[in-house]
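Each value in this text was obtained by applying a stated rule to the coordinates, not by laboratory testing. None of the values given here were measured: they were computed from a predicted structure. Cβ coordinates were reconstructed from backbone atoms using ideal geometry, including for glycine residues, and neighbour counts include every protein chain displayed.
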Amino acid sequence: GAHMNMSQVVPIKIYNQTHYSLVAETNAVNEFNFYTEKIVKPILAKRLFIVIAGQNYLKNLRSFGFKTFDGIIDESYDQEPNHEIRWTKALDQLQYLCSQDPQVILNKIKETVEHNCSVMLNTDWYSNFKQDFLKDIVRIIGD
């Protein structure tokens, strides 16, 4: 009964036909990361994700309390400054996953995806953003 944009709807029918998510984020520059509904969907759907985005996207995502999948896949792509190399390395991990038994991978990620979903659903993101934003304003005015 809630009104929402189509971008907020997790496509469960499609997700049920696949094992993993490749997230192509809106922004891919290295100067800052921009997190959108594109990463929220696989987190809520409890899926392993590989991200095409700017450098340190996963590192910064972890700073919000999320876990990622290093050890299951090689996430060193996240640290690569050259976007073409970074994206190639990320796609290499997708190819790796496609060569693995999905049930083995799904068993390995269970704890991580449960944790991420819990963080997403139980964090007051609006209040956190508001507090950080106000601190930045006070710092800027004080300088």
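Which is the longest stretch in the chain that no exposed loop site breaks, taking sites as chymotrypsin sites (Phe, Trp or Tyr not before Pro) with a DSSP loop state and at most 15 other Cβ atoms within 10 Å?
After excluding every exposed loop site, the longest remaining stretch is 65-143.
Can you pull the Rg over Rh of the chain, Cα-only, Kirkwood?
For the chain, the value is 1.00.
Using label points projected 7 Å from each Cα along Cα→Cβ, tell me how many nm separate D74 and D92, to one decimal.
Label-label distance for D74 and D92, simple model: 0.4 nm.
Cα-Cα over 23 Å: which of K46/K108; K41/K135; K13/K46; K13/K67; K38/K59?
Beyond 23 Å between Cα atoms: K41/K135; K13/K67.
Can you tell me what percent of all Cα-Cα pairs in the stretch 79-143 are more than 17 Å apart?
69 percent
Translational diffusion coefficient, Stokes-Einstein: compute it for the stretch 13-65 using the Kirkwood radius over C-alpha pairs as Rh, at 37 °C and 0.692 mPa s, and state it as an integer in µm² s⁻¹.
Answer, rounded: 283 µm²/s.
Give the residues of the stretch 45-74 whose amide nitrogen is closer than 17 Å to a point set 7 Å from the Cα of K110 in the direction of its Cβ.
From the stretch 45-74, the list is 46-48, 72.
Return the calculated 222 nm mean residue ellipticity for the chain, to the nearest 500 deg cm²/dmol, obtained by summing -39500 (n - 2.57) across DSSP H runs with n ≥ 4 and dividing by the residue count.
Roughly -16000 deg cm²/dmol at 222 nm, from the helical runs in the chain.
Net charge around I12, counting only other residues with Cβ within less than 13 Å of its Cβ (Lys, Arg = +1; Asp, Glu = -1)?
Net local charge, I12 excluded: +4.
Given H placed on each backbone N at 1.01 Å, which residues far from I52 in sequence or on other chains put an amide H within less than 5 Å of it?
V23, A24, E25
Whats the longest run of the chain with zero GluC sites (Glu not before Pro) that are DSSP loop and have at most 16 other Cβ atoms within 10 Å?
32-143
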